[in-house]
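Presented below is the structure to which this report refers.
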Amino acid sequence: MKRFAGKVALVTGGNAGIGKATALAFAREGAKVVIAARRKPLGEETVRTILEEGGEAVFIRTDVSVPAEVEGLIRKAVERYGRLDLAFNNAGVAGPMNRLAKQTLETWDLVINTNLKGVWLCMKYEIAQMLQQGGGVIVNTASTAGISGSPGAAIYSASKHGVLGLTKSAAADYATRNIRINAVCPGPILTPMLEEGFAQRPPMRDAYLATIPMGRFGTPEEIAGAVLWLCSDEASFMTGYSVTIGGGQTITP
């Protein structure tokens, strides 16, 4: 029996990188998958891959920073599949790298609205649906930058610290309502977003690699594995926690 047979899983940012890997993993474990993202062609490509593998999925174009779009996402997902059991709130942006005093209001609004406000909005509407049906599981994407600071990424780091605060508080709010809420904190994972950063600032690759005791970057599939475990019954006594997957990155200061 597949772990998530009969379950409905939502993945925001499910069109690339960690989100895509997690959407594929949910589908391979039997879940019906709702993929939400802004870039329609990539989202539909992920859906095609799932269908070709014999799974079931739908793409719903969504900007997670817009309340009406998030509300519509949850409504359409439930109209399509009848319920929402699992949610991976993964949509995020890095924003331009720069020292704090050189950052702009535009970057602040982009990063905070997507990474923090977006997670809050998703949880707001996901939890409302889960309360109606008797429970569910939510996993949010934070970062090792949400545990410690990251030079040149103050705004991104602030957004991910905020995600951990939201995760802990929401978990406490709904611990007695059969809704578990946890987070994953990926370290440097080879995704299109990270590769784009390396292309803009080539020295970043070696600098990032030097912070990882295991001496390599992670893969999206390694994060997907942790997300699925947190959503499974094997993690049934976990809520309000974060799982760090960073090759030992946070072991030393």
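The values are calculated or read from the model by the stated rules, or taken from the named source; none is laboratory data. Worth saying up front: this structure is predicted, and the values here are computed from it rather than measured. Cβ sites come from the backbone with ideal geometry, for glycine too, and all protein chains shown count toward neighbours.
Only one of the listed residues (Lys102, Lys76) is of a type in the set (D, E, K, R) and under 21 Å from Phe4 (Cα atoms). That residue is Lys76. When Thr62 is tested against (1) without any contact (Cβ under 8 Å) to a residue 60 or more places away in the chain; (2) of a type outside the set (A, V, I, L, M, F, W, C); (3) more than 19 Å from Lys32 (Cα to Cα); (4) crowded, with 24+ Cβ neighbours inside 10 Å, exactly one condition is not met: (3). Only one of the listed residues (Leu24, Leu51) is more than 22 Å from Gly225 (Cβ to Cβ) and either assigned to a helix (DSSP H, G or I) or more than 16 Å from the chain's Cα centre (by Cα) (or both). That residue is Leu51. Take the conditions part of a helix (DSSP H, G or I), closer than 20 Å to Trp120 by Cα and under 14 Å from the mean Cα position of the chain (by Cα) and apply them to Leu228. Does it pass? No; evaluated as a whole, the condition is false for this residue. The lone criterion from (1) of a type in the set (Gly, Ala, Ser); (2) part of a helix (DSSP H, G or I); (3) at pLDDT below 95 left unmet by Gly215 is number (2). Pairs linking a residue in the stretch 191-214 that is under 18 Å from Asn90 (Cα atoms) to a residue that is in a helix (DSSP H, G or I) and at pLDDT 85 or above, with Cβ atoms under 7 Å and 6 or more positions apart or on different chains, are Thr191/Gly17; Thr191/Ile18; Thr191/Pro220; Pro192/Gly17; Met193/Gly17. Looking only at residues of the stretch 131-163 that are surrounded by fewer than 24 Cβ atoms within 10 Å (Cβ to Cβ) and over 24 Å from Pro96 (Cβ atoms), we find that the one that is nearest to the chain's Cα centre (by Cα) is Gly135.
Filtered by the rule that a residue be outside any helix (DSSP H, G or I), touching a residue at least 60 places away in the same chain (Cβ under 8 Å) and touching a Ser or Thr at 6+ places or on another chain (Cβ under 6 Å), the stretch 147-183 gives Ile147, Ala183.
Among the residues that make up the stretch 91-107, is at least one of them buried (at least 24 other Cβ atoms within 10 Å of the Cβ) and touching a residue at least 12 places away in the same chain (Cβ under 8 Å)? Looking for residues that are buried (at least 24 other Cβ atoms within 10 Å of the Cβ) and touching a residue at least 12 places away in the same chain (Cβ under 8 Å), one finds at least one in the stretch 91-107, hence yes.
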